[in-house]
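The values are calculated or read from the model by the stated rules, or taken from the named source; none is laboratory data. These figures come from a predicted structure and were not determined experimentally. Cβ sites come from the backbone with ideal geometry, for glycine too, and all protein chains shown count toward neighbours. For accessibility, only protein heavy atoms count, side chains too; no ligands or nucleic acids. Shrake-Rupley method; radii C 1.70, N 1.55, O 1.52, S 1.80 Å.
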Amino acid sequence: MLDVVIVGGGPVGACLGALLARGAGGAGGAAGLAVAVLEPRAPAPLAGDAPLEARVVAVSRASERVLGRAGAWGRIRGPRLSPYERMRIWHESVAPASDAVLVFDAADVGEPNLGYIVENRQLQSALLEAFTQAGGCIEPAPLAALEITEESVRVHTARGVLTARLVVGADGAQSALRQAAGLTAETSAYGQSAIVASVATAKPHEATAWQRFMKDGTLAFLPLADGTSSIVWSADDQLAARLVALDAAGFAAELDRASDLALGVTRLVSERVSFPLNRLSAQRYVAQRVALIGDAAHVVHPLAGQGVNLGLLDAAALAQQVAAAVARREDPGALGVLRAYERWRKSEVAAMSTAIDAFDRLLAHGTGPVARLAQRGLSWVNRSEELRRFFIRRALGLTGELPEAARGA
């Protein structure tokens with residue numbers, strides 16, 4: 001019998017697998033567990049000379065530490081990795097060079113950077129490699145059915161049946177594991193779609209993440225290692241449909257307008273990918289012998305770039321709870337063990353989700369006196385060293401109740 005089966009081998013599921021297989025869920029050097037990951041579409045490794053991909057993740061300091069404990073960070077470090085040292089955030093009512101622009105600088109808190117921009121495929125590949133090298137097994141098949149008993153859980157696939165003490169859903173917003181376990185989720189549409197692409201800019205990105213709030217959405221430029229930038233443009237659905245329909249030159253012209261030429265004129269260097277934005281919150285993260293992590297449990301707006309970071313902290317928190325249960329000779333699939341994870345992460349995610357939705361509602365789409373007050377608040381924060389330091393630590397992921405793997409040495 002396996003200890004854990006993880007459904008979904010994306011970055012979050014692979015991270016949990018690596019932590020458990022390496023015995024790195026908590027302090028004390030516990031022995032690794034027997035873990036299998038169901039992932040029918042594991043990515044091919046990126047060639048070193050392949051063009052940088054537009055789908056990227058902004059990895060926080062807390063997530064960097066988790067990835068180190070998972071054995072993946074050393075596989076990610078290299079010329080494709082892009083540290084960013086500053087963030088510049090402004091509302092469309094002010095100029096991008098104005099004193100009203102909110103600037104977060106890593107130097108203000110004695111850090112070398114605020115985090116790293118990592119290609120999604122590189123992150124996933126590094127974590128799956130760390131998982132298999134620690135003795136984990138990848139099953140290239142999707143979930144077909146689930147049987148939960150008092151003693152174990154039976155995970156059916158086209159290749160056979162896996163029996164374990166715990167099964168974890170890390171298979172995204174449309175989680176088959178969540179549905180098979182009878183766990184429900186509340187979903188709603190933001191009325192926006194995200195457009196992702198890589199662009200070249202006339203001005204250097206200065207190792208800076210740039211973000212502009214507008215009445216019809218939010219535009220972010222994330223710095224890439226080759227000098228280009230990955231954009232994430234969260235636009236109202238009607239505008240997004242029009243933008244995707246434009247040719248490359250027309251889209252670049254609209255991008256120049258939306259960015260207020262903060263980085264000069266732009267040029268598309270990749271295809272555009274667009275997808276609708278929805279919020280999701282599972283009513284329960286756990287059931288007997290079942291736990292949900294990452295997008296299977298919660299989906300937040302991408303404007304703060306926190307989706308994957310929240311998922312990696314889920315993985316670290318669950319790994320810590322499981323490792324502690326095993327060390328106490330308890331059943332890691334017992335509901336009491338899993339509910340401790342649920343209470344911990346559900347409260348942390350709810351606080352972040354509420355803050356992100358408030359930013360979207362007031363800064364990107366807000367009208368009226370409260371929204372105007374919030375928009376002016378960016379410059380107030382900029383004038384307060386204490387407030388800036390608080391928000392920088394939030395960006396670093398170093399607030400709240402952190403799992404041991406995220407706390408560093």
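Given the options Val35, Val109, Val59, Val66, name the one that is over 27 Å from Ala323 (Cα atoms) and among the hydrophobic types (A, V, I, L, M, F, W, C).
The match here is Val109.
How many of the residues in the range 200-216 are surrounded by 20 or more Cβ atoms within 10 Å (Cβ to Cβ), more than 14 Å from Ala258 (Cα to Cα) and of a type in the set (A, V, I, L, M)?
1
State yes or no: is Val155 over 22 Å from the mean Cα position of the chain (by Cα), open to solvent by less than 20 Å² (accessible area, probe 1.4 Å) and either among the β-branched types (Val, Ile, Thr) or modelled with pLDDT under 95 (or both)?
yes
Collect the residues in the range 163-180 that are surrounded by fewer than 22 Cβ atoms within 10 Å (Cβ to Cβ) and either among the hydrophobic types (A, V, I, L, M, F, W, C) or assigned to a loop (DSSP other than H, G, I, E, B) (or both), keeping them in residue-number order.
Gly172, Ala173, Gln174, Ala176, Ala180
Each row is one residue, and each column tells you yes or no for (1) small (Gly, Ala, Ser); (2) buried (at least 23 other Cβ atoms within 10 Å of the Cβ).
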position	(1), (2)
Met1	no, no
Ile6	no, yes
Leu20	no, yes
Leu33	no, yes
Gly74	yes, no
Arg77	no, no
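Say whether the condition of being within 28 Å of Ala207 (Cα to Cα), of a type in the set (Ser, Thr, Tyr), modelled with pLDDT of 95 or more and open to solvent by 30 Å² or more (accessible area, probe 1.4 Å) is met by at least one residue in the range 270-288.
Yes, the range 270-288 contains at least one residue that is within 28 Å of Ala207 (Cα to Cα), of a type in the set (Ser, Thr, Tyr), modelled with pLDDT of 95 or more and open to solvent by 30 Å² or more (accessible area, probe 1.4 Å).
Within the range 205-212, is even one residue among the basic types (Lys, Arg) and out of contact with any strand residue (DSSP E or B) (no Cβ under 7 Å at 6 or more places or on another chain)?
So far as the range 205-212 goes, no, none of its residues is among the basic types (Lys, Arg) and out of contact with any strand residue (DSSP E or B) (no Cβ under 7 Å at 6 or more places or on another chain).
Which of the residues that make up the range 22-31 are among the aliphatic types (A, V, I, L, M) and either modelled with pLDDT of 95 or more or surrounded by 15 or more Cβ atoms within 10 Å (Cβ to Cβ) (or both)?
Ala24, Ala30
Filter the range 251-271 down to the residues that are under 20 Å from Val94 (Cβ atoms), in contact (Cβ under 8 Å) with a residue 24 or more places away in the chain and of a type outside the set (Ser, Thr, Tyr) and list them by number.
Leu255, Ala258, Asp260, Leu261, Ala262, Leu263, Gly264
Scan the range 163-199 for residues that are within 30 Å of Ala262 (Cβ to Cβ) and in contact with a Gly (Cβ under 7 Å, 6 or more places away or on another chain) and report the count.
Here the count works out to 1.
Among the listed residues Glu150, Glu92, Glu85, which satisfies the condition of being surrounded by fewer than 21 Cβ atoms within 10 Å (Cβ to Cβ) and out of contact with any strand residue (DSSP E or B) (no Cβ under 9 Å at 6 or more places or on another chain)?
Residue meeting the stated conditions: Glu150.
Just one of (1) outside any loop (DSSP other than H, G, I, E, B); (2) of a type in the set (D, E, K, R); (3) open to solvent by 50 Å² or more (accessible area, probe 1.4 Å) trips up Glu330, so point out which.
All conditions pass for Glu330, except number (1).
Among (1) open to solvent by 30 Å² or more (accessible area, probe 1.4 Å); (2) within 24 Å of the chain's Cα centre (by Cα); (3) not charged (D, E, K, R), there is one condition Ala296 misses while meeting the rest; what is its number?
(1)
Answer yes or no as to whether Ala107 is among the aliphatic types (A, V, I, L, M), surrounded by 23 or more Cβ atoms within 10 Å (Cβ to Cβ) and in a helix (DSSP H, G or I).
no
So Gly264 passes all but one of these: (1) of a type outside the set (A, V, I, L, M); (2) in a loop (DSSP other than H, G, I, E, B); (3) surrounded by 17 or more Cβ atoms within 10 Å (Cβ to Cβ); (4) in contact with a helix residue (DSSP H, G or I) (Cβ under 9 Å, 6 or more places away or on another chain). Which condition number does it fail?
Result: Gly264 passes all but (3).
Kindly check whether there is at least one residue in the range 172-181 that is free of Cβ contacts under 8 Å to residues at least 60 places away in the same chain and among the small types (Gly, Ala, Ser).
Yes, the range 172-181 contains a residue that is free of Cβ contacts under 8 Å to residues at least 60 places away in the same chain and among the small types (Gly, Ala, Ser).
Of all residues in the range 217-252, which are open to solvent by 40 Å² or more (accessible area, probe 1.4 Å) and either under 21 Å from Gln192 (Cβ atoms) or assigned to a strand (DSSP E or B) (or both)?
The answer is Asp236, Asp237, Gln238, Ala241, Arg242, Val244, Ala245, Leu246.
How many of the residues in the range 119-147 are over 19 Å from Leu183 (Cβ atoms) and either of a type in the set (Gly, Ala, Ser) or buried (at least 20 other Cβ atoms within 10 Å of the Cβ) (or both)?
The total comes to 15.
Residue pairs, Cβ under 7 Å, 6 or more apart or interchain, first in the range 272-300 and closer than 14 Å to Arg339 by Cβ, second among the hydroxyl-bearing types (Ser, Thr, Tyr) and open to solvent by 10 Å² or more (accessible area, probe 1.4 Å). List them.
Cβ pairs passing all conditions: Gln283/Thr184.
Please go through the range 349-370 and give me each residue that is among the charged types (D, E, K, R), open to solvent by 50 Å² or more (accessible area, probe 1.4 Å) and modelled with pLDDT of 75 or more, ordered by number.
Answer for the range 349-370, where residues must be among the charged types (D, E, K, R), open to solvent by 50 Å² or more (accessible area, probe 1.4 Å) and modelled with pLDDT of 75 or more: there is none.
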